[in-house]
Amino acid sequence: MNNSKLYINLSAPSNIALVKYWGKKNGQKPINPSLSLTLNNCQTHMEVVIEKSDFFDLSIEFESIPNEKFRQKILHKISKLGPEFEKWLPAFSNLKYTIKSYNSFPHSSGIASSASSMAALSFVFKCVLEQFYKIETNRNEWSSLARQLSGSASRSVDAPFMAWGIHQKYFQLKDDYALNLDNILEQQKVHPDFKNMHDAIVIVDAGVKSVSSSDGHALMDRHPHRESRIALANLHFEQIIEAMVAGNFLEFADILEREALDLHAMMMTSSPSVILLKPNSLKVIDWVRRTREQEKINISFTIDAGPNIHLIYLDKDREKVLELLKAEQAKKMDAIFNNIIFDHQGTGPMIHKLHWMD
């Protein structure tokens, strides 16, 4: 092992689930398959210095503030890693990590900040294995470690469309790690219309959501509609891929929206009941549906576990969507569309700098 310090500057993206993962089994494995779009602008950036130590330790600043809660969370998750992660153990022994992290989007507001942060952190561990110990890891192993840190992070290690969770039609899929959709379609391909998708995230409420995703997943354990939800998610998974291959946006939009609303219906009907949508969330949904019908453009919506609405649209409709959103902002009667994060299909995690320090 090199005696110097290792400096890493990297980033990992968030992703937006098109078919939702909701509910866990056997720890950090999904009860249903999910499909996601990797984003480009919503990212976690990490600047890390790694050096030899007498024991494993982490020092973490999030947006320039020491974050002991996040540090303890990571240490706890690493301590729970099973024997299948033995290959990663050198990264967790006799090293000290000094981590400075920040997000390019609101934290804990339903834009999958855990996906980007844990994908970034697992990327750091991957780099350490390779640089300090010359141990190579493939993308599936990386995705599996990311999954153990945060389920949705398993889908943020690659782009543009990532599938995670067993499905009877696609035998390649696993619960342990996510796979690129291109790798499971074999002879088929996603239609060119779906090759440069956009996601304009309407920030209805930038505050921290009232229920964490982990607590929300746990509510599925005893949900009365658990089995029907699993069956529906499996059906939606198959149907939305067929729509993307066929280039049928209206079919894609129908499945995308029903899937999002079903997720929130499960939360609303859980015990205790969880309602994350706000009045303005419903107004944005209504605007999307009216706009699609009246303007005849390819726009739809989805929602993660939060109040913010993701406007999903094709690249060929980008200029028209931007024009319509600007028109809404210009009315100044209502602040619903005043805070929008414009994002689009990304290319996955990236190392910006990596070098040894004396």
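Given (1) more than 19 Å from the chain's Cα centre (by Cα); (2) within 30 Å of Lys320 (Cα to Cα), identify the lone condition not met by Glu227. For Glu227, the failing item is (2). Residues that are surrounded by 17 or more Cβ atoms within 10 Å (Cβ to Cβ) and closer than 17 Å to Ser113 by Cα were ranked within the stretch 48-65; the one that is modelled with the lowest pLDDT is Phe62.
Select, from Glu51, Glu63, Glu68, the only residue that is without any contact (Cβ under 8 Å) to a residue 40 or more places away in the chain, outside the structural domain of Gln239 (by TED's automatic domain parsing) and out of contact with any Asp or Glu (no Cβ under 6 Å at 6 or more places or on another chain). Only one candidate qualifies: Glu68. If you go through the stretch 216-240 and keep only what is out of contact with any strand residue (DSSP E or B) (no Cβ under 7 Å at 6 or more places or on another chain) and either among the hydroxyl-bearing types (Ser, Thr, Tyr) or under 17 Å from Lys189 (Cα atoms) (or both), you end up with Ser228, Glu238, Gln239.
Yes or no: the stretch 193-205 includes at least one residue that is over 20 Å from Lys77 (Cβ atoms), surrounded by fewer than 16 Cβ atoms within 10 Å (Cβ to Cβ) and at pLDDT 95 or above. Write out each step before concluding.
Of all residues in the stretch 193-205, those over 20 Å from Lys77 (Cβ atoms) come to 193-205.
Next, from what is left, pick out any that are surrounded by fewer than 16 Cβ atoms within 10 Å (Cβ to Cβ): 195-196.
Filter once more, keeping what is at pLDDT 95 or above: none.
So far as the stretch 193-205 goes, no, none of its residues is over 20 Å from Lys77 (Cβ atoms), surrounded by fewer than 16 Cβ atoms within 10 Å (Cβ to Cβ) and at pLDDT 95 or above.
Go over the candidates Leu95, Leu39 one by one and state the one that is assigned by TED's automatic domain parsing to the domain that holds Phe123, over 30 Å from Val19 (Cβ atoms) and touching a strand residue (DSSP E or B) at 6+ places or on another chain (Cβ under 8 Å). The conditions single out Leu95. Tell me, which residue of the stretch 1-40 that is hydroxyl-bearing (Ser, Thr, Tyr) and buried (at least 24 other Cβ atoms within 10 Å of the Cβ) is farthest from Leu173 (Cα to Cα)? Selected residue: Ser14. Of the residues contained in the stretch 89-101, one or more are found to be without any contact (Cβ under 8 Å) to a residue 12 or more places away in the chain and not in a strand (DSSP E or B).
The values are calculated or read from the model by the stated rules, or taken from the named source; none is laboratory data. In this text, all values refer to a predicted model and were calculated from it rather than measured experimentally. Reconstructed Cβ throughout: ideal geometry from the backbone, glycine too, with neighbour counts over all protein chains shown.
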